[in-house]
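Engineer: Sharing a structure with you now.
No lab work stands behind these numbers, since they all come straight from the coordinates. Everything quoted here is computed from the prediction, not taken from an experiment. A quick note on method: Cβ atoms are made from the backbone with ideal geometry, for glycine too, and the neighbour counts reach across all protein chains shown.
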Amino acid sequence: MLDVAGIGGFLGNLEEMMAASDSEGAAWSELVRAWWNRFGTAVVGSGDLYPIACACEPAIPIGGATEHARRIAFGRAIGGMRDRIFDLGSVRVRIQKVRVSHNSGQWQLVVNADASAPRSADASTGGCRAEKGDVQKRTSPGSTR
């Protein structure tokens, strides 16, 4: 119908757009899985997450000509993921903004008990490698707190 109206190519790049979207979703899923494995539900800054994001494969799509610009872009990108729910297999978590401290967003993964809530694509077990740890001795997966 649109071709008849002289609007050719409408949604002609749909497959390309969907592939890019899936790739970005996979990258965020990998980051959230590594975040969970390393920090659990501890409050962390975007600066704590940036090295993990840099190690993820596929990479989080962040741009910038300098390291500082990429860090700022990453902080903004996390803001765009606020309240998104990720299914990590054994648990579903939501990215929550806790506060801003020293011009940096402070974030937390909150366990989501609502099974009916919309969620992101399932996170796989691949791409990011983050060592287990915690931030200021806060709760993490497997802790006894």
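Engineer: Pick out the one residue from Arg70, Arg82, Arg38, Arg76 that is buried (at least 19 other Cβ atoms within 10 Å of the Cβ) and either in contact with a His (Cβ under 9 Å, 6 or more places away or on another chain) or not hydrophobic (A, V, I, L, M, F, W, C) (or both).
Structural biologist: Of the residues listed, the single one that is buried (at least 19 other Cβ atoms within 10 Å of the Cβ) and either in contact with a His (Cβ under 9 Å, 6 or more places away or on another chain) or not hydrophobic (A, V, I, L, M, F, W, C) (or both) is Arg38.
Engineer: If a residue must be in contact (Cβ under 8 Å) with a residue 60 or more places away in the chain and charged (D, E, K, R), how many such residues does segment 23-71 contain?
Structural biologist: Within segment 23-71, residues that are in contact (Cβ under 8 Å) with a residue 60 or more places away in the chain and charged (D, E, K, R) number 5.
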